[in-house]
């Protein structure tokens, strides 16, 4: 199953990439006992990916959430420091 509209993984490359990580690294490609168990497994995997153990070289060895927060702070400071 593809996340892309017409089955072309390049149409939505980021979603396909994340889906691959969730399936491969967090074993979410298995059969779950029910929808609630599957949702909990996906929620836990996303939390680990974003906030805890998953540090990315491309993000300066920061988690995605840390990098996002840093960029938001930088953007806010640039609005404050920019001349009108």
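So if each residue of separation counts as 0.36 nm, and I subtract the Cα-Cα distance between residue 73 and residue 59, what length gain in nm does that give?
On the way: separation 14, 0.36 × 14 = 5.04 nm, distance 1.56 nm.
Contour length minus the Cα-Cα distance gives 3.5 nm.
Full extension from residue 23 to residue 47: what is 0.36 nm times the residue separation minus their Cα-Cα distance, to one decimal in nm?
Details: separation 24, 0.36 × 24 = 8.64 nm, distance 1.46 nm.
Using 0.36 nm per residue and subtracting the Cα-Cα distance, I get 7.2 nm.
Can you tell me what the convex hull of the Cα atoms of the range 9-81 projects to on average, as an area in nm²?
6.8 nm²
Suppose the chain between residue 11 and residue 30 were pulled fully straight at 0.36 nm per residue; how much longer would it get relative to their current alpha carbon spacing?
On the way: separation 19, 0.36 × 19 = 6.84 nm, distance 2.54 nm.
Value of the extension gain: 4.3 nm.
Throughout, read-outs are computed from the coordinates displayed, never taken from laboratory work. Please read all numbers here as calculations on a predicted model, not as lab measurements.
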